[in-house]
Amino acid sequence: MVNKWEQNWLRTRERVKWVELKKADLQTYQDIGFKCGLEVHQQLDTEKKLFCRCPAGIYSDFDNYDAEIVRHMRPTLSELGEYDGTALMEFKTRKKIVYRIKNETACTYEFDDTPPFSINRQALEYGMEIALLLKLNIVGELHVTRKQYLDGSIPTGFQRTTILGIEGEFPISTRTIRVIQFSVEEDSCREVSDHRHTRVYYTDRLGMPLTQTVTYPDMLTPQEAAEACHYIRFVARSSGKVRTGIGAARQDVNVSVTGGTRVEIKGVSHISWIPSLTHNEAFRQRSFLEIKKELQSRSLDKSTWNISHCSLPLNKLQPRPIIDKITKSGWMLIAVNLPGFQNILSFFTQPQRTFADEIADRLKVIACLEKPNMLHSEEFCFSDKDYTDHPQLLSGEEWQLIKGLLQAKQEDAQILFWTPQEDLQTALETIQERAMWAFDGVPNETRKSLPDGTTIFERVLPGADRMYPDTDSKPIPISQEFVEEVLDKMPLYVYERMEQLAAWGVPRDAHTYILRNNLMPDIEHISAEHDIDPKKTALLFAHNIKSLHGDGPLPVKPDKISDLITFVKSRKLTFDIVYEMLPYLADDPKIQFSSVLDLIGYEKHNREDILKEIPLLHKMYQSFKTKSANQPFSECNWIMGQLRKLALGNMPLREVEEKVLAEITKEK
Amino acid sequence: MLDIFKGYKGRAVEVLKSFKMRVWGNCTINTTRGKFEGIILPRSENDDDKHIVLKLPTGYNVGIDIDTITGMKENSFKEAHYKIPEKEFPYTPGLPKVKLLGTGGTIASRLDYRTGAVIPAFSPGELYGAVPELAEICNLDTEKVFAVFSENMGPEQYIKLAVSIGEEIKKGIDGIVIGHGTDTMHYTSAALSFMLQDLPVPVVMVGSQRSSDRPSSDAALNLMHAAYTAGNADIAEVLVCMFGPTSDEYALLHQGTRVRKMHSSYRSTFRTIGETPIASVKRGEIKPIKTDYNRRRDDKKVKVYPYFEERIAMVYYYPNMHPDMIDSLVDNGYKGIVIIGTGLGHINKPVYPAIKRAVAKGVHIYMTVQTLWGFVHMFVYDTGRDLMSMGIVPAENMLPETAYIKLGWVLGQTTDPEKVRDMMLTPIARDITEGEPYNGYLIFQGGIPEVEEFLKTFHK
């Protein structure tokens, strides 16, 4: 049965005009004023890190470390004597940051006890190639800038980053996307855990060279966002100088809608997640615009609106596990009244999410209260969701009691949360602050992406006021000779490659695989060397090899393919056998080609021997009692099945098939 | 003349002039590499004259090669003004009264994001804005005694500082904090240890290893530790208060004469040599490590000896040192030399004649050790005995820098060899100790299993 609050959720979802991603069309996004921009990050495949000489790309298990170091991050004052919003929030969280260090992957630079060494030239060269491939205006001199991050993900409290170029563009199928800037920066730590007031980071990834490509908010549908992201990824891959694999490429996606604001979804690790994340974010923003309208219609006065709260004696509620937990840890149970907020807490925001989740997320991040951290008067369990780890809901009588203590009115809403004394103030401020935002619409924030396509609050969106020059680095001139040197070695632009693929007749669905794996140079090389139609080579990769691994790294290296073709030719085998041999090479890259022939049971037969089997098999088929309705077709299949092993490598299968069909149809 | 080309020189200025451009102008620059828009920033004077620095609207800085410029146009202009808004430092009854004396190092600062400049914060109000926690620790007053870089600190500053501190103590104060650059902090702490004797309150020197403009700076925590120590510690000594481990955990309070900067960049760079630190401090808690230190008094009395002879030198001995190294000092009128010898306090024979000549000319020569840890022992080998017979005085286990400062201070008061010797070898503030404790020398060696276990268990 659908509870009344779930009914409200469904009602508000309709009010927001939410539709599933697959049912949305161009009109949906035009109506909502969808706009999306990207910040695409890509690790460069250098041997060493960007500002120290530690090796890049070596990762350890989180529990395998040599030492730990503790730091705290303090906000620094901005020009106006104000703290940046993010800075203030991070400081409120009073996090103790623990860095795990392994000797092999970190030196004193990583934990900020040594100034930077000069910037890695290899990273600059690799980065410059990508900057040129994006057709950017290349700067005359690099200036290393510090970009503040107070979450602790970088021990200095800032990321060293440098702009290589600005203002470029690239085409997607529907429009031209403009690039704001392209930079090379140091990668951050990997987060190990974040519990209460302690956040633990591992420093192995820290300092690896990372590029960042920032676009204008030119993408007008979720699909365009994904396509643009693919394009930027292809550009990076086409240089052949970037890392691949888990975490090597990530993107931040900015979304805004008409009347909303820029919200940044951080750390999206798969491009395939972009459509649902941006789609849901657009509707999340729209739901806040509806909430704003709703609150306006209730004529609540924002200037005097305040939450009220009281501490709730633990014995007032029925015994339940969460009460035991609170008692044991000596925490307090706090009831909060939100005047005039009835039907807001259960308001739709995202699939399976309500406005109350916005508050719960912030309580976790800002007040460091682990979830589940609260219950509210509009709590319900989605009828189609599993709720095993959720605290038991309160009964109607219990809420009546809480409302009584808070002297709440009918039109109010209540939150019940649990906290230690030291986090109480921050928690109350957090609730007040988020509720106040409801009057204004969409708060500026960065959000963390979840695999289900929804997002959770990560932090307040930082302003532009967090950049300043790195006093530890000198400017580096970018000479014309250097630019030309890189230009000389540069591959074709990605759009030129796409045109080339189309000209070869390679179907569009195969482009992604080829560009993602940067196979164009190999396809060209193999086709030329062995005099094969490039389309055939392209499809050998995009269909046959792709089917062997999916999204992982290439299971058979292009060099190996070329060797295989040489081998097949030298043995005077037909090309068909290449397809048959590939799975064995994927399983064991070191296997000898001749062993593969043994494994697939190849035997040498001459053409006449194969062809003379056809009439015999045809005769045999005629003697079968049951026959298919589609007789010539199934007979051909049957005969080919019998002949395949015999013919494979000895005679093109297509030719065998033609002969079989000729034999079958001869009598008709 | 108004400098509108801040830091720019040579051809860069010509280009700026030719397009009628100025620093702080928000402009459009057309180049052969495309169009750039942003604010023209000042340029560091040490950088070349071939580029113009631009702050992009996204906050990043880039340089434009002047040879690529085809056109420039100023769209608007807004000069930056560096000013830090002050908040009044709140007075809290019951909290100790602490005076912060500034010497020129940056203790706290704030950023100007428009230009990227770092603006120092110093007045109580500015410091309160940067480190508001100070108001919970003490009632703070500040005074800028002078403004010099750490490396330029010298006798003139030591004397000025000692006199200022003496005056503050006489006026009545619960503790003194001295903000100081870290490079030469241990020279100044040694000087103050000799110049200020029988202190009634703590004199705490503090600095930072990571500038205060960065979120991970040690400056704020150091300042809090120092202010707490000055206001509350029962230790009436000249102390250096800096990070114990590199982690943000606690600070160590080092005796001013036994401390040394031991790493070019670590936060935990200051170490007590040949002894243990006096105490450790965390906010709200001072844990004594030693017990035999001078206790706080409330009599506002202190002995100030503001003397220093400048013509003294330190000579770091190396194999194949020639006698003219010593001769040239003597010929230039130097009155005292601290030699930093090898091993137990040795130098080679070819230098002997120069030593003899120096002593004969009345130059006071004292021997310390390059090993830093351990005593000078000149009786063990003939070399040592020879040197002593020539008149070199072993300076026990005084640190080289401390011996240098002490010799300057002593020679500022007397040149009588016996008196000098007597003063040099009479410990004043643990500058010489009677022996070295078992835990006075600890340099752990990485890689050894038990050390690695220690490092994994405790925050370094």
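Each reported figure results from applying straightforward, stated rules to the coordinates on display, with no laboratory input. A quick note: this is a predicted structure, and the numbers were derived from the prediction, not measured. Because the Cβ atoms are built from the backbone with ideal geometry, glycine has one as well, and the counts that use them run over all protein chains shown.
General remarks:
- Net charge contributed by nearby residues that have their C-beta within less than 14 Å of residue B:401 (K/R +1, D/E -1): +2
- Per-residue mean of foreign Cβ neighbours for A:472-482 is 3 (Cβ atoms of other chains, 10 Å radius).
- Ordering of A:257-265, A:119-127 by burial proxy (mean other Cβ atoms within 10 Å per residue, highest first): A:119-127, A:257-265
- Where only DSSP H runs of four or more residues are counted, the protein assembly as shown gives -10000 deg cm²/dmol as its mean residue ellipticity at 222 nm, each run worth -39500 (n - 2.57).
- Residues in the stretch B:370-379 carry Karplus couplings, in order, of 5, 6, 6, 8, x, 8, 6, 10, 9, 8 Hz; the curve used is 6.51 cos²θ - 1.76 cosθ + 1.60 with θ = phi - 60°, and Gly or Pro positions show x.
- Neighbour-count ranking [beta-carbon atoms within 10 angstrom, fewest first] of B:262, B:195, B:398: B:262, B:195, B:398
- Sequentially through the stretch B:218-229, phi angles give Karplus couplings (6.51, -1.76, 1.60; θ = phi - 60°) of 8, 4, 5, 5, 4, 5, 5, 4, 5, 5, 5, 4 Hz, Gly and Pro residues having no value and appearing as x.
- Pair-distance distribution P(r) for the stretch A:348-490, from all Cα-Cα distances in 5 Å bins starting at 0: 2, 7, 13, 16, 16, 12, 7, 5, 4, 4, 5, 4, 3, 1, 1, 0 percent.
- Only lysine pairs 8 or more places apart, or on different chains, with alpha-carbon atoms under 27 angstrom apart are counted in the stretch A:267-331, and they number 4.
- Over chain B, all Cα pairs binned in 20 Å intervals from 0 give whole-percent P(r) values of 22, 43, 29, 6, listed from short to long.
- Long-range HN-HN contacts of residue B:204 with modeled amide H, under 5 Å: B:176, B:177, B:178, B:239
- Positive-pole candidate from A:238, A:172, A:106, dipole of the stretch A:79-238, charges at beta carbon: A:106
- Distances between placed amide hydrogens fall under 5 Å for residue B:144 paired with B:102, all partners being 5 or more residues away or on another chain.
- Distance from the stretch A:146-217 to the stretch B:230-250 (C-alpha centre basis), Å: 37 Å
- Within the shell of other residues whose beta carbon sits under 14 angstrom from the beta carbon of residue A:60, the net charge comes to -2, with Lys and Arg scored +1 and Asp and Glu -1.
- Ordering A:516, B:430 by the number of other Cβ atoms within 10 Å of each residue's own Cβ, fewest first, gives A:516, B:430.
- For chain A: rounded, prolate or oblate by the Cα gyration tensor [a/c cutoff 1.5]: prolate
- Fraction of antiparallel bridges per DSSP, the stretch A:18-295 only, in percent to nearest 5: 90 percent
- Order of A:654, A:362 - criterion: other Cβ atoms within 10 Å of each residue's Cβ, fewest first: A:654, A:362
- Within 10 Å of each Cβ in A:61-73, the average number of Cβ atoms from other chains: 5
- Dipole magnitude of chain A about its Cα centre (Cβ charges: Lys, Arg +1; Asp, Glu -1), debye to nearest 20: 1220 debye
- Rounded, prolate or oblate (a/c below 1.5 giving rounded, otherwise prolate when a/b exceeds b/c) for the stretch B:2-77 by Cα gyration tensor: rounded
- Two-decimal Rg to Rh for the protein assembly as shown - Kirkwood Rh, Cα set: 1.06
- Within-12-Å neighbourhood charge of residue A:277 [Cβ basis; K, R +1; D, E -1]: 0
- For the stretch A:18-295, relative contact order (Cα pairs under 8 Å, six or more residues apart, normalised by length) works out to 27 percent.
- One Cα centroid belongs to the stretch B:126-160, the other to the stretch A:419-471; the line between them spans 36 Å.
- Once the Cα atoms are used to define both axes, helix A:355-365 deviates from the longest principal axis of chain A by about 90 degrees.
- Computed magnitude of the charge dipole of the stretch B:97-304 (debye, nearest 20; Cβ of K, R +1, Cβ of D, E -1): 240 debye
- Which of A:217, A:549, A:21, positive extreme of dipole for chain A (C-beta unit charges): A:21
- For peptide B:28-40, the mean count of partner chain Cβ atoms within 10 Å of a residue's Cβ comes to 3.
- Derived scalar couplings ³J(HN,Hα) [the stretch A:238-252; Karplus, 6.51 cos²θ - 1.76 cosθ + 1.60; whole Hz; x for Gly, Pro]: 5, 6, x, 10, 10, 7, 10, x, 4, x, 6, 9, 9, 9, 9
- Within the protein assembly as shown, percent of DSSP bridges classed antiparallel, to nearest 5: 75 percent
- Cα shape, the stretch A:18-295, gyration tensor, a/c 1.5 rule: oblate
- In terms of packing, defined here as the mean over residues of other Cβ atoms within 10 angstrom, the peptides A:487-495, B:380-388 line up highest first as B:380-388, A:487-495.
- Dipole of the stretch A:607-665, positive end: most advanced residue of A:636, A:660, A:647 [Cβ charges, Cα centre]: A:636
- Spatial separation of Cα centroids for the stretch B:283-355 and the stretch A:256-314, in angstrom: 67 Å
- Listed by chain and number, the lysines placed with their C-alpha closer than 17 angstrom to that of residue B:78 are B:6, B:20, B:55; residues fewer than eight positions away on the same chain are left out.
- Taking GluC sites (Glu not before Pro) as exposed when their DSSP state is a loop state and no more than 14 other Cβ atoms lie within 10 Å, the longest site-free interval of chain B runs over B:89-309.
- Fraction of antiparallel bridges per DSSP, chain B only, in percent to nearest 5: 60 percent
- Under 5 Å between amide hydrogens, built in the peptide plane, is the criterion, and for residue A:340 it picks out A:412, A:413 among residues at least 5 positions away or on other chains.
- Two-decimal ratio, the stretch A:132-218, of alpha-carbon radius of gyration to 2.2 N^0.38 Å: 1.34
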